[in-house]
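Heads up, the thing below is written out as structure tokens.
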Amino acid sequence: MPRTWAGKLHDYFSQNSPIHPHPNLPPEGGKEPWCRIKAFPSHSLEDEQPWFKNFMSLLSVENLKVSYGGIQALKGISFEVAPGELVALIGSNGAGKTTTLKTLAGLLHPAAGKVSYAGKSLHTVPAHRRVRDGLALVPEGRGVFARLSVEENLQMGAYTRNDAAEIGADLERMYALFPRLAERRTQLAGTLSGGEQQMVAMARALMSRPRLLMLDEPSMGLAPMMVEKIFTTIRDISAQGVSILLVEQNAKLALEAAQRGYVLESGLITLSGSSGKLLGSDAVQRAYLGGD
Ligand SMILES: Nc1ncnc2c1ncn2[C@@H]1O[C@H](COP(=O)(O)OP(=O)(O)OP(=O)(O)O)[C@@H](O)[C@H]1O
Ligand SMILES: [Mg+2]
């Protein structure tokens, strides 16, 4: 399939951008060797030409802060997803990954910061409108409707749409994408395996025809074969032009699928760059890939 202009541009940045310290990085991070490398070129470009940033970003998050009562889960994070990009957000338990996605979906309200999607602020946009506007979340733990059939779950994903004929056609597309679900259309979702439930959750989200698909730990609890299948599908969805924000504890898997990535630690983004550079960096190797 031919790449879109955005895809080509990001291929370019992926190949040419050095890994760079994120603005949120605490001062002691400056001792790391990668901090001496020149900053990501697009940053200075964005600073000089703000219009370029809006043109580039499908999603732009600036200084986002989210608290649960007294606990500050996100302490001011900034990141972007461009049209057609697959971006990974990696981090260990409790880093704030799910909090980030829930906030973007409109399920949590930020204490501070700006979130723009398709050039518009999401500040006052309720969760159901975000789905209609093309922001879809596949939640952690899948969240399938256990007492509904596979097909009813998928139909629920289209609840913001009223184009019945197109919904029917999309159902068939989902069964083509996930043949295993086609065999189980009438089965109650609660009786499916973990991997099959992940497929239902992904297909349900795709039924809203998202522009940006947010996936929260799709590999969690799955056998290696099923993880491989799910990640192949994620790549296929990305190749069809859907932008993806992929949250994973499995840093290697996520970075191998993504073009760029961000590392989230205790509510702060500490590192960002192209996936290749992040995979090769000492900091990521040590913290997430079991390197010395
Ligand atoms: N409902 C809640 N009430 C209070 N604190 C919460 C709540 N949900 C999350 N937190 C806290 O916010 C922080 C971030 O949690 P979050 O679920 O976003 O992390 P995560 O990166 O998704 O972790 P995991 O990899 O375990 O899913 C944690 O310290 C967590 O204890
Ligand atoms: Mg989580």
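The values are calculated or read from the model by the stated rules, or taken from the named source; none is laboratory data. Since the structure is predicted, the reported quantities are computational estimates derived from the model, not experimental observations. Note: ideal-geometry Cβ built from the backbone for every residue, glycine included; neighbour counts use all protein chains shown.
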Can you confirm whether the range 265-283 contains a residue that is more than 25 Å from residue 198 (Cβ to Cβ), polar (S, T, N, Q) and within 15 Å of ligand 1 (Cβ to nearest atom)?
yes
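Here's the yes/no breakdown for (1) surrounded by fewer than 15 Cβ atoms within 10 Å (Cβ to Cβ); (2) within 16 Å of the chain's Cα centre (by Cα); (3) of a type outside the set (Ser, Thr, Tyr); (4) within 16 Å of ligand 1 (Cβ to nearest atom):
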site	(1), (2), (3), (4)
179	yes, no, yes, no
220	no, yes, yes, yes
230	no, yes, yes, no
260	no, yes, yes, no
285	no, no, yes, no
Residue under evaluation residue 124, criteria (1) farther than 28 Å from residue 235 by Cβ; (2) touching a residue at least 60 places away in the same chain (Cβ under 8 Å); (3) β-branched (Val, Ile, Thr), criterion not met:
(2)
Quick check on the range 216-228. Is at least one of its residues within 16 Å of ligand 2 (Cβ to nearest atom) and within 21 Å of residue 117 (Cα to Cα)?
yes
Take the conditions without any contact (Cβ under 8 Å) to a residue 12 or more places away in the chain and out of contact with any Asp or Glu (no Cβ under 6 Å at 6 or more places or on another chain) and apply them to residue 168. Does it pass?
yes
Name the single residue that is surrounded by the fewest Cβ atoms within 10 Å (Cβ to Cβ) among those in the range 93-106 being more than 12 Å from residue 140 (Cβ to Cβ) and near ligand 2 (Cβ under 10 Å from one of its atoms).
94
Per the filter on the range 234-249, residues surrounded by 20 or more Cβ atoms within 10 Å (Cβ to Cβ) and either within 16 Å of ligand 2 (Cβ to nearest atom) or basic (Lys, Arg) (or both) are 245, 246, 247, 248
What pairs come out if I take residues in the range 202-228 that are under 22 Å from residue 58 (Cα atoms) and touching a residue at least 60 places away in the same chain (Cβ under 8 Å) and pair them with residues that are part of a helix (DSSP H, G or I) and within 13 Å of ligand 2 (Cβ to nearest atom) whose C-beta lies under 6 Å away, six or more apart or interchain?
214/101; 216/98; 216/101
For the structure I just gave you, tell me whether residue 115 is in contact with a Leu (Cβ under 6 Å, 6 or more places away or on another chain), surrounded by 16 or more Cβ atoms within 10 Å (Cβ to Cβ) and more than 21 Å from residue 238 (Cβ to Cβ).
yes
Looking at residue 204 and the list (1) out of contact with any Ser or Thr (no Cβ under 9 Å at 6 or more places or on another chain); (2) crowded, with 19+ Cβ neighbours inside 10 Å; (3) more than 29 Å from residue 132 (Cα to Cα); (4) of a type in the set (Lys, Arg), which single condition is not satisfied?
(3)
Which one of these is closer than 30 Å to residue 70 by Cα and among the small types (Gly, Ala, Ser): 221, 168, 267?
267
Here's a check for you: in the range 163-186, which residue that is of a type in the set (Gly, Ala, Ser) and over 22 Å from residue 132 (Cα atoms) is modelled with the lowest pLDDT?
176
